[in-house]
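All remarks here apply to the structure that follows.
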Amino acid sequence: VITRVVKPQSILEIGVANGMSTAYILGALNDENISPESVTIHAIDRPQFAYQIRERRGKFGIEGRGGLIPDNKEVGWLASNDIKSNYNYQLHIGDFTHILEDILETSGNLDLAVYDASKDSDEMKFAYQRCINKLNGEGVLISDDVLVNDTFENMIEPQDGKFNIINDTGIYRNVRLS
């Protein structure tokens, strides 16, 4: 819904995993007939594959763990490769705390930032700060699992924008002039 309203041209997704959010974003862009030539999507993931967790923790180590990529699948596999190839979709594999600043330096300002990665408060704060500073005048930051700690509210409350928390998802809309 937010993709359909904002009609973003510059998108950052931190935490891709299986690609559910990617699929929704790309699907909305496609459904809204947003020109693929006008859209750039930077996606960052530090993937966790099921086989890696099994190797470290045994077969019971993967039970109840969301975000694990199944064996023989790739990062973002739920999103259509056909639609990805239509848009300027760039997948960056690595620890976002090491590569985010370089990506933001070359990406320009953001219309939409989606955070669904580490729930570590320091890492969340790192990502939120950088994303908020790169949002366009009415850009939007969406973050999943914001109720695990107070980081989202603490980072967003002093900003000039508006925010809501719906279930466990935080939505912040910038209102400063570009």
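The values are calculated or read from the model by the stated rules, or taken from the named source; none is laboratory data. These figures come from a predicted structure and were not determined experimentally. Here the Cβ is made from the backbone with ideal geometry for all residues, glycine too, and neighbour counts use every protein chain on show. Protein only, heavy atoms only, side chains kept; ligands, DNA and RNA dropped before computing areas. Shrake-Rupley method; radii C 1.70, N 1.55, O 1.52, S 1.80 Å.
Each Lys or Arg adds one and each Asp or Glu subtracts one; over the other residues with Cβ under 14 Å from the Cβ of residue 77, this totals -2. With the helix formula -39500 (n - 2.57) applied to DSSP H stretches of n ≥ 4, the chain reaches a computed 222 nm mean residue ellipticity of -10000 deg cm²/dmol. Would you mind telling me the share, in percent, of accessible area of the chain contributed by carbon and sulfur at probe 1.4 angstrom? Roughly 45 percent, rounded to a whole number. Global size of segment 88-148: 11.4, 33 Å for Rg and Dmax (C-alpha atoms, Rg to one decimal, Dmax whole). Put simply, segment 106-178 fits an ellipsoid with semi-axes of 19, 13, 10 Å; these come from the alpha carbon gyration tensor as the roots of five times its eigenvalues, largest first. In terms of packing, defined here as the mean over residues of other Cβ atoms within 10 angstrom, the peptides 123-134, 91-102 line up highest first as 123-134, 91-102.
For the peptides 81-90, 16-25, the ranking by mean Cβ contacts within 10 Å, running from highest to lowest, is 16-25, 81-90.
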